1. Go over the candidates 116, 204 one by one and state the one that is over 20 Å from residue 217 (Cβ atoms), out of contact with any Ser or Thr (no Cβ under 9 Å at 6 or more places or on another chain) and outside the structural domain of residue 231 (by TED's automatic domain parsing).
2. Any residue that is over 28 Å from residue 188 (Cα atoms), assigned by TED's automatic domain parsing to the domain that holds residue 190, within 15 Å of the chain's Cα centre (by Cα) and at pLDDT 90 or above - is there at least one of those in the range 151-172?
3. Can you run down the residue pairs with Cβ atoms below 8 Å, 6 or more apart or on separate chains, where the first is in the range 160-174 and more than 15 Å from residue 147 (Cβ to Cβ) and the partner is at pLDDT below 80 and charged (D, E, K, R)?
4. Filter the range 188-213 down to the residues that are of a type in the set (A, V, I, L, M, F, W, C) and touching a residue at least 40 places away in the same chain (Cβ under 8 Å), then identify the one that is farthest from residue 156 (Cα to Cα).
5. Return the total of residues in the range 39-58 being surrounded by 21 or more Cβ atoms within 10 Å (Cβ to Cβ) and more than 23 Å from residue 105 (Cα to Cα).
6. Restricting to the range 81-115, what's the tally of residues that are farther than 24 Å from residue 27 by Cβ and part of a loop (DSSP other than H, G, I, E, B)?
7. Name the single residue that is farthest from residue 104 (Cα to Cα) among those in the range 11-38 being at pLDDT 95 or above and β-branched (Val, Ile, Thr).
Amino acid sequence: MRRRLQIIFQDPYASLNPRMTAGEIIAEPLLLHRIVPKTAVSERVVEIMRDVGLASYHADRYPHQFSGGQRQRIGIARALACDPEVIVCDEPVSALDLSVRAQVVNLLGDLQQRYAFAYVFISHDLSLVRRISHRVAVMYLGRIVEEGRTERVFDQPRHPYTRALLSAIPRPTPNRVAHRQILEGDLPSPTSIPPGCRFAPRCAYVVPDCRTTVPELSGKTAEHSTACHRQDELDLAADLQPAAKPSPALLRRAAPYAPTVTTN
């Protein structure tokens, strides 16, 4: 399982051993899982480094000698070394500058097309999620409240929490009128989860069942599922404009997979 499932961490510096060179960091999983003979490890390390945009002479440098983007490329190379089936990306670009962020997201897209593995991409940047993901799962207090194909979730959100998240995305057209849904109430403590639906204390559509029964994730099709007791009777997307899409001019300037809008 450790070989089939790898992870790219959020912090590109703290996730690397400062006492090991980049070459040693990438070679460690190759040696641990005996993926290639010891005589071929150095050659394989150079191949992986080139795949992620690093030069062969970088193998002898230590993490503190790299920039943030280069350190994240080392982390990607380490995950790639095991030839995994799934890579978990835990906020892999949130600690990087915007220009470097676009390069790393580009790299992730290119590697996926080349090696045909899957990403579990964890992010709070909704525009980035829309750009890179095929399916989206929205979580609230550790529980999935909505899941489905990216275009369905973004253009036709059903759950009140998803609706509030999407309404908070800044619009690239300032004159466009958009409905902003402000959530009221305080976020419940993760150590003291309320009974029933976890979003009930802040939901504008709450009914008595919401405070006693946990809603199951369900839907009419596999393309879109929601955990809400009132999903069949509430048209939650009626007054919500679709999430802003990048303009053609912006797409021409930005490389594929590049994030278009940054939100905090």
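The values are calculated or read from the model by the stated rules, or taken from the named source; none is laboratory data. The model shown is predicted, which means the values in this text are computed figures rather than measured ones. For neighbour counting, all protein chains shown are included, and Cβ atoms are generated from backbone atoms with ideal geometry for every residue, glycine included.
1. Numbers: 204 fails: outside the structural domain of residue 231 (by TED's automatic domain parsing).
None of the other options fit; the residue is 116.
2. No, the range 151-172 contains no residue that is over 28 Å from residue 188 (Cα atoms), assigned by TED's automatic domain parsing to the domain that holds residue 190, within 15 Å of the chain's Cα centre (by Cα) and at pLDDT 90 or above.
3. 167/180; 168/180
4. Step one: filter the range 188-213 for residues of a type in the set (A, V, I, L, M, F, W, C), giving 193, 197, 199-200, 203-204, 206-207, 210.
Now drop any that are not touching a residue at least 40 places away in the same chain (Cβ under 8 Å), which leaves 193, 199, 203-204.
On the way: 193: 28, 199: 19, 203: 18, 204: 18 Å.
Top of the filtered list is 193.
5. Of the residues in that region, 0 qualify.
6. So the first thing to find is which residues in the range 81-115 are farther than 24 Å from residue 27 by Cβ, and the list is 91, 93-103, 105-106, 109, 113.
Now narrow it down to the ones that are part of a loop (DSSP other than H, G, I, E, B): 91, 93-97.
Matching residues across the range 81-115 total 6.
7. Out of the qualifying residues, it is 21.
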